[in-house]
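Contents: one structure, followed by commentary.
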Number of protein chains: 2
Amino acid sequence: MQASAELFRRNGYTGTGLKQITTEAQAPFGSLYHFFPGGKEQLGDEVIRSSGMLYTQLFDIYLTPAPDLVSGIESTFAGAGETLVETGYADACPIATVALEVASTNERLREATADVFTAWIDKGTETFARFGLSAEDARALTIAVVTSLEGAFVLCRSLRSTEPMAAASATVVARARELQAG
Amino acid sequence: MQASAELFRRNGYTGTGLKQITTEAQAPFGSLYHFFPGGKEQLGDEVIRSSGMLYTQLFDIYLTPAPDLVSGIESTFAGAGETLVETGYADACPIATVALEVASTNERLREATADVFTAWIDKGTETFARFGLSAEDARALTIAVVTSLEGAFVLCRSLRSTEPMAAASATVVARARELQAG
DNA sequence: GTCTATACAAAGATAGAC
DNA sequence: GTCTATCTTTGTATAGAC
């Protein structure tokens with residue numbers, strides 16, 4: 001399950017074989033179908049949900065303890081950039097690659113990714129509201145953070161540079177200042 | 001080639017079979033290896049570059065003729081949102097899915113996607129500079145546009161909603177205003 | 001030179017031995 | 001109940017008929 005998340009994140013859903021997963025996890029092949037009778041799709045579903053939900057806590061790590069909105073956003077993007085560099089631009093969003101792969105091809109998995117993004121947005125909205133934003137503005141800013149992060153991951157991983165992460169950070173900060181000014 | 005681009009965009013690189021491509025294109029299987037001796041990787045390389053470079057002209061369509069920076073950006077995001085809705089959230093960026101899939105698994109294709117993004121950034125920087133921004137600011141704003149679009153595609157396709165596109169648009173507009181004010 | 005037919009490996013899935 | 005061995009399909013790639 002841990003190994004699956006890692007492989008899906010780096011190689012995608014269609015790019016990861018079940019044999020590869022059991023080999024990596026040092027588990028016998030048959031046991032996979034014991035724990036996941038629904039096969040690859042059930043495994044994918046559960047991996048998306050668990051690894052996605054795990055990321056919800058990043059809001060608590062980076063944003064909740066921040067002294068103000070702007071510094072919270074800046075440290076979030078800085079943290080994402082560091083992770084990218086430390087892992088050789090491999091580890092980024094746990095579900096982005098899979099989300100794009102399945103969006104038009106597998107409805108069950110598409111819904112799983114949608115549920116994860118929805119959870120992130122709800123959590124972020126709640127967190128940003130504590131900084132004095134209206135519910136509407138807090139939601140818009142959260143979506144801005146998530147979309148900018150996701151887009152930055154695409155460009156950073158392709159270009160092997162953190163420049164897009166910095167540009168994305170400055171952009172969201174500008175929006176945060178604008179919303180905070182009212 | 002046209003059919004390949006369509007399939008790669010919707011199903012990804014690993015998710016698209018060569019037989020699927022020749023069937024869709026109503027071409028005999030053998031002819032694929034006649035035109036692409038390098039097999040799937042060469043085909044992928046050429047599809048990424050050609051479909052990616054084709055998108056460069058979107059800068060000329062949406063941004064160049066715009067009366068000002070903000071309305072140009074707004075019409076770009078609005079256009080992306082319309083395309084998404086019209087195609088049932090299938091067609092978005094021609095290379096995003098593939099870019100994430102190959103970023104850590106296929107160096108040749110990763111470079112192809114990087115070359116495309118670099119071309120977009122250079123083209124956008126040039127376009128934005130005409131609106132009076134410094135080269136540095138024009139580049140930062142271009143990267144903001146591309147990352148926000150890419151991230152919005154991820155969320156919009158997963159959630160089947162254009163809300164992220166609207167949030168991304170407002171965010172980039174805020175940054176554009178900030179840069180223009182100096 | 002085009003294309004059909006096939007080779008060979010790897011995919012997902014299952015049956016049956018332990 | 002766990003896992004090995006196998007089945008079927010699908011993938012990429014190629015050889016050879018026309």
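The values are calculated or read from the model by the stated rules, or taken from the named source; none is laboratory data. Every value quoted in this text rests on a predicted model; they were computed, and no experiment measured them. Methodologically, a virtual Cβ is constructed for each residue, glycine included, from the backbone with ideal geometry; neighbour enumeration extends over all protein chains shown.
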Members of segment A:1-57 found to be of a type in the set (Ser, Thr, Tyr) and more than 23 Å from B:Gly12 (Cα to Cα), listed by number
A:Thr22, A:Thr23, A:Ser31, A:Tyr33, A:Ser50, A:Tyr55, A:Thr56
Residues in segment B:150-182 that are touching a residue at least 12 places away in the same chain (Cβ under 8 Å) and more than 7 Å from chain A (Cβ to nearest Cβ): how many?
12
Could you please let me know if A:Thr147 is at pLDDT 95 or above and more than 7 Å from every other protein chain (Cβ to nearest Cβ)?
no
If we scan segment A:65-72, do we find a residue that is away from DNA strand D (no atom under 14 Å from the Cβ), polar (S, T, N, Q) and farther than 20 Å from B:Ala99 by Cα?
yes
State which residue is nearest to B:Asp91 (Cα to Cα) when the search covers only segment B:6-18 and only residues that are in a loop (DSSP other than H, G, I, E, B) and more than 8 Å from DNA strand D (Cβ to nearest atom).
B:Gly12
All conditions in (1) touching a residue at least 40 places away in the same chain (Cβ under 8 Å); (2) surrounded by fewer than 19 Cβ atoms within 10 Å (Cβ to Cβ); (3) within 19 Å of A:Glu74 (Cβ to Cβ) are true of A:Glu86 except (1)
Residues located in segment A:24-54, provided they are polar (S, T, N, Q), out of contact with any Pro (no Cβ under 6 Å at 6 or more places or on another chain) and either under 21 Å from A:Val146 (Cβ atoms) or away from DNA strand D (no atom under 11 Å from the Cβ) (or both):
A:Gln42, A:Ser50
Top-ranked residue in segment B:110-144 [being more than 9 Å from chain A (Cβ to nearest Cβ) and aliphatic (A, V, I, L, M); ranked as nearest to B:Thr56 (Cα to Cα)]
B:Ala119
Residue pairs within 7 Å by beta carbon, gap of at least six or interchain, first lying in segment B:90-109 and farther than 19 Å from A:Ala92 by Cα and more than 9 Å from chain A (Cβ to nearest Cβ), second surrounded by fewer than 24 Cβ atoms within 10 Å (Cβ to Cβ) and of a type in the set (A, V, I, L, M, F, W, C), listed first then second, are B:Pro94/B:Ala5
